[in-house]
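The values are calculated or read from the model by the stated rules, or taken from the named source; none is laboratory data. Quick caveat: nothing in here was measured; it's all calculated off a predicted structure. Glycine also receives a Cβ, built like all others from the backbone with ideal geometry; neighbour counts cover every protein chain displayed. Accessible surface is based on the protein model in full, side chains and every heavy atom, while ligands, DNA and RNA are left aside. Shrake-Rupley method; radii C 1.70, N 1.55, O 1.52, S 1.80 Å.
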Amino acid sequence: MGADSEKEEQQIRNRLRDLAEKSFHQNMFTFTGFLGLSEQDIFWRTEPELRYAGYELYGGIGSADRQMIRFGNAAELGYEVPFPIVCIHVKPVIAKFADKLSHRDFLGALMNLGIERSVVGDIKVGDKEAWIFCTDTIAGHICENLEQVKHTHVTCRITEDVGQMPEEEPEKVSVQAASLRIDAVVAKLYNKSRGDCLELFRSGKVFVNGRLCENNSRLLKSGETVNVRGFGKFVMDGEPRETRKGKLNVELKVYR
C-alpha cells in the first residue's frame, strides 16, 4: 500500500471514529456517505472499536453494493431517523430515439455534474432508463440538472415506487472444483488460470460479504457473496455435492 493509500485509509478511519463518537456522546444518529467495497472493508477492519456506538448498513435496497453506515442505537436513543436516501427515476424524453444506455453512461453523466461519488449509491439500469439511489441533499440538484445521458435527453423525478425497477436475476451456474477454496471457485467460474486468479487477490479485487479477501485459500460457505471487481459477483447457493470423480459440484447464483 502506497503512502497516498495509507493516508486516505487513515482519513476514512478517522471520519468513522468521529461519526461514531458524535453519535454516542451527543445521543444522535450520524451517517457516512455511500461507501464502496474498499471503504466498507476499512469499516469492517475498524468495526471492533466502533461497535460501542451501534451501527447499521443500508443502501436504499437490500441488495445494494454501495452502502451508507448509520451510527446510533435506536433502542437506546428512543427514536429512529431513516437513512437520508432517495431514489431518482431517469427515463428518456422520447424512448424510441433513445440510446441503449449502460451503468457507465449514467454514472458518467452524474459525474459530469460535478458531484462527489459519495453522494451516489447504486444505479440500477433497465431498458433505456435507470433508478439512481442518492442522498436526499443532492437529489434536487440531480433532478434539475441531469438533462442528457450520452446523446439521449432524459427526465428525472424522485420516486418511492421502485416496483418497476429491474430486479437482478442471477444466472444459476454449476462449477466443479477440487475444493471450496475461493480461488478454485473463482478460477472455474471466470475461466482463469491459477496465476491470473492469484493476481486478483494480490491486487485487492476480491471481496467476501463486503470485506477484502486476501486469503486465496479461504473456504467458501453457503450464502456468502463474493464480488470480483471487473467480473461481477456471485453467491454460493446451498451445500456442494461430491461427484463420482471426487470433485465438488458447487451451485452459484451469478450476477454479471
Reported set for region 21-49 where residues are within 18 Å of residue 134 (Cβ to Cβ) and β-branched (Val, Ile, Thr) is 32
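Go through the residues of region 2-18 one by one and say whether even a single one is of a type in the set (Lys, Arg), in contact (Cβ under 8 Å) with a residue 12 or more places away in the chain and in contact with a strand residue (DSSP E or B) (Cβ under 8 Å, 6 or more places away or on another chain). Spell out the reasoning first.
Residues of region 2-18 of a type in the set (Lys, Arg): 7, 13, 15, 17.
Filter once more, keeping what is in contact (Cβ under 8 Å) with a residue 12 or more places away in the chain: 13, 15, 17.
Filter once more, so that each one left must be in contact with a strand residue (DSSP E or B) (Cβ under 8 Å, 6 or more places away or on another chain): none.
No, that holds for no residue.
Suppose the filter is open to solvent by 30 Å² or more (accessible area, probe 1.4 Å) and part of a loop (DSSP other than H, G, I, E, B); does residue 174 pass it? Give the derivation first.
Numbers: open to solvent by 30 Å² or more (accessible area, probe 1.4 Å): yes; part of a loop (DSSP other than H, G, I, E, B): no.
In short, no.
Yes or no, residue by residue, for (1) on the phi < 0 side of the Ramachandran plot; (2) touching a residue at least 40 places away in the same chain (Cβ under 8 Å):
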| residue | (1), (2) |
| --- | --- |
| 220 | yes, yes |
| 224 | yes, no |
| 238 | no, no |
| 246 | no, no |
How many residues are touching a helix residue (DSSP H, G or I) at 6+ places or on another chain (Cβ under 6 Å) and either under 30 Å from residue 220 (Cβ atoms) or assigned to a helix (DSSP H, G or I) (or both) when one looks only at region 121-171? 3
Kindly state which strands (runs of 3 or more DSSP E) lie completely within region 1-109 and contain at least 1 residues that are in contact with a Ser or Thr (Cβ under 9 Å, 6 or more places away or on another chain), open to solvent by less than 50 Å² (accessible area, probe 1.4 Å) and more than 30 Å from residue 152 (Cα to Cα). 68-71
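Quick test for you: out of 84, 170, 166, pick the one residue that is under 24 Å from the mean Cα position of the chain (by Cα) and at pLDDT 90 or above. Outline the logic, then answer.
Details: 170 fails: at pLDDT 90 or above; 166 fails: at pLDDT 90 or above.
It is 84.
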